[in-house]
Structures are given as structure tokens and as C-alpha cells.
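The values are calculated or read from the model by the stated rules, or taken from the named source; none is laboratory data. Since the model is a prediction, treat every value here as computed from it, not as a measurement. No Cβ is skipped: glycine too gets one built from the backbone with ideal geometry, and neighbour counts run over all protein chains shown. Just so you know, the surface numbers come from the protein's heavy atoms only, side chains and all, with ligands and any DNA or RNA stripped out. Shrake-Rupley method; radii C 1.70, N 1.55, O 1.52, S 1.80 Å.
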Amino acid sequence: MSEKRVNKGNNIILKIENLQISFTQYERGLKQRTFQTVKGMDLEVSSGELTAVIGASGSGKSLLAHAVMGLLPYNASMSGEMYYCGEKLTKMRQEKLRGNEIVLVPQSLAYLDPLMKIGRQIKKNRKDEKINQRLADIFSRYHLKEEVAKQYPFELSGGMNRRILISTAMIENPRLVIADEPTPGLDLKSAKRVMEHFRELADMGAGVLLITHDLRLAIETADRIIVFHDGRTIDEAVPTDFQAENTLKHAYTKALWRAMPKNGFANESKNTDI
Ligand SMILES: Nc1ncnc2c1ncn2[C@@H]1O[C@H](COP(=O)(O)OP(=O)(O)O)[C@@H](O)[C@H]1O
Ligand SMILES: [Mg+2]
């Protein structure tokens with residue numbers, strides 16, 4: 001594991017150090033309460049690499065994605081360091097890079113505009129010849145027929161809309177792709193195909209941060225797997241570490257391993273207080 005990181009160390013696109021996120025909420029009247037959700041996340045994403053982040057629902061994975069994009073909710077406050085291509089990722093840089101160099105494939109299909117034809121959504125209202133060529137390339141990469149551009153999201157299947165969501169992010173040729181749970185609601189075959197798309201983007205040189213709770217898909221696709229638990233990065237492993245329980249380091253990662261179907265579905269919840 002460390003060997004790979006050292007080899008690719010020069011190409012680190014995203015580095016996050018000790019990210020912490022807390023929320024302030026009003027309780028009864030004017031009483032305020034602050035609670036910390038993300039307590040210490042560290043990770044690196046290198047170009048040409050697919051880094052998977054795995055963690056239970058509610059562990060702060062989407063917050064991580066939104067923190068990188070600069071899209072945290074108004075009541076969130078954040079500390080820690082984020083670097084993009086070796087330089088601090090400031091608010092100004094986030095605004096400049098968001099949507100072109102750094103893209104998010106959001107968790108929900110609800111991000112598609114139901115009232116806008118697919119072609120216009122993906123092209124983001126640009127009309128030049130270059131964008132039309134790019135759209136044609138992307139459609140062929142994701143096996144979407146030309147006429148889909150003239151359709152609305154409700155006319156397409158869930159799997160097709162998922163590919164549209166990816167296309168919307170890919171139209172700009174990004175250097176860093178953050179995919180937030182891109183496979184929910186898909187059957188295994190479609191989910192694998194979606195994962196292959198992200199694998200391909202990494203193979204073409206992008207840094208891909210793939211957020212998922214599906215360990216099996218992460219093992220099949222990722223170069224490295226980062227495990228979040230209780231708001232912290234607690235472990236990092238490569239897929240081969242998951243061939244057996246004893247090659248895994250952290251007790252929680254071992255519990256995730258045991259909970260996989262092929263290892264007997266041992267109840268993960270029994271082990272989450274580790
Ligand atoms: N706008 C918000 N206000 C208060 N708490 C929030 C808000 N957004 C998220 N949270 C808290 O952060 C936790 C982690 O959220 P999230 O990153 O969406 O988890 P995950 O994507 O891992 O399922 C949630 O369980 C919730 O408690
Ligand atoms: Mg989420």
C-alpha cells in the first residue's frame with residue numbers, strides 16, 4: 001500500500017488534513033447547540049488513481065464531498081486543510097474550479113432538472129461546435145443514443161439518468177472527479193458498469209474520489225480504500241488486503257469484511273462500537 005502512495009506521491013491532486021465539520025442548530029427558542037459530525041478526516045487522491053471512501057450511512061461522506069466543492073450547508077463550520085494540486089483550496093479557487101476542473105457527480109438523480117431536455121442540461125446552455133462534439137463523444141462513451149439529447153429525464157430509465165448525471169460532470173474533462181454514491185438503486189450489472197466508467201476516468205488520468213457504502217464494488221474497482229468511522233479516517237487498505245481478514249489492520253475494517261456476503265454476512269452492527 002505505502003509503496004504505491006510513494007510512487008504516485010508527486011501526482012497528489014487532492015489532500016485533506018484533519019477535516020472537521022460541525023453544525024450549529026437552534027433548540028427550543030434561542031438556545032443554540034453545536035455538534036461535531038466530522039472529527040478528523042484525512043485523505044489523498046492522486047491522478048490516475050481511484051480512491052474509494054467507505055463508511056456507514058450518516059458517517060459524513062457527503063459532507064466530505066461538499067466540503068471539497070465548497071458547498072457545505074450554511075449552518076456548517078469547517079476546519080482543517082485542503083490542498084488541490086499542492087496549493088491551498090481556498091473559497092476563491094473552489095469557485096473557479098468547481099464544475100470544470102473539479103466536478104461532483106451527486107448522490108441523487110434529483111439534481112437533474114426535470115423540465116430541461118437532456119442535451120441542454122449536459123451542455124449547460126453552451127452552443128458552440130466544440131461542445132456538440134464533446135457531447136457526441138460522451139454519448140458514445142456512455143452508450144447513449146443521439147436522440148436522448150432531445151428527451152427529458154422522466155422519459156429515461158434510472159440507469160440511463162445515472163449515466164446522464166455522469167455525462168453532465170464529464171463534459172468539462174475534469175482533473176478531479178468526486179462521485180457520491182453513484183450506484184444506489186441499480187442492479188449489480190448496471191452498478192458494475194457505472195463503476196467501470198469511473199475506473200476508466202482514473203485510467204485516463206483523472207483523480208477519482210468514489211464515495212460508497214458498497215465495499216464489494218470498492219474492492220473490485222478502487223486502487224485504495226479509505227475507511228471512515230465515527231467521523232474519522234480510521235484505516236486505509238488496498239483491495240488485496242481484503243482477500244483475508246488477517247491482512248486488514250483495523251477492527252472496524254475487519255467487521256466490514258465479515259459483513260460481506262461471501263464472508264457470511266456477520267452482523268456489522270455488533271462491531272460498530274470499536
Ligand atoms: N444541514 C445539516 N444540518 C445539521 N446536520 C447535518 C446537516 N447535513 C448533514 N448533517 C449531519 O451530518 C451527518 C452526516 O451526513 P452525510 O455526510 O450526509 O452522511 P453520509 O453521506 O455518510 O450518509 C448526518 O447524519 C447529519 O447528522
Ligand atoms: Mg451521503
*Candidates GLY48, GLY70, GLY86, ranked by Gaussian network fluctuation over the chain, Cα under 10 Å, top entry*: GLY86
*For ARG141 and LYS189, FRET efficiency with R0 = 22 Å and r from the beta-carbon atoms, rounded to 0.05?*
0.75
*Round to the nearest 10 and report in Å² the accessible area of GLU196, as given by a 1.4 Å probe over the protein chains' heavy atoms.*
110 Å²
*Arrange the residues LYS88, LYS249, LYS15, LYS127 by how much accessible surface each exposes, largest first, with a 1.4 angstrom probe.*
LYS127, LYS249, LYS88, LYS15
*asked:* With an 8 Å Cα cut-off and a minimum separation of 6 or more residues, compute the relative contact order for the stretch 110-171 in percent.
replied: 49 percent
*For LYS150 and GLU27 in the same chain, what is the full-extension length gain: residue separation times 0.36 nm, less their Cα-Cα distance, in nm?*
39.5 nm
*Just grab the label-to-label distance for THR34 and MET78, each label 7 Å out from Cα along the Cβ direction, in nm (one decimal).*
1.7 nm
*Any of LYS15/LYS189; LYS123/LYS189; LYS61/LYS88 with alpha carbons more than 23 Å apart? Name them for me.*
LYS15/LYS189; LYS123/LYS189
*asked:* If each DSSP helix of 4+ residues adds -39,500 (n - 2.57) and the sum is divided by the residues in the chain, what number results at 222 nm, nearest 500 deg cm²/dmol?
replied: -9000 deg cm²/dmol
_Order of exposure, largest accessible area first, which applies to SER79, SER167 with probe 1.4 Å_ = SER79, SER167
*Using label points projected 7 Å from each Cα along Cα→Cβ, tell me how many nm separate THR240 and GLU87, to one decimal.*
3.8 nm
*asked:* Given a 1.4 angstrom probe, I'd like the percentage of the accessible area of the chain that is carbon and sulfur, rounded to a whole number.
replied: 50 percent
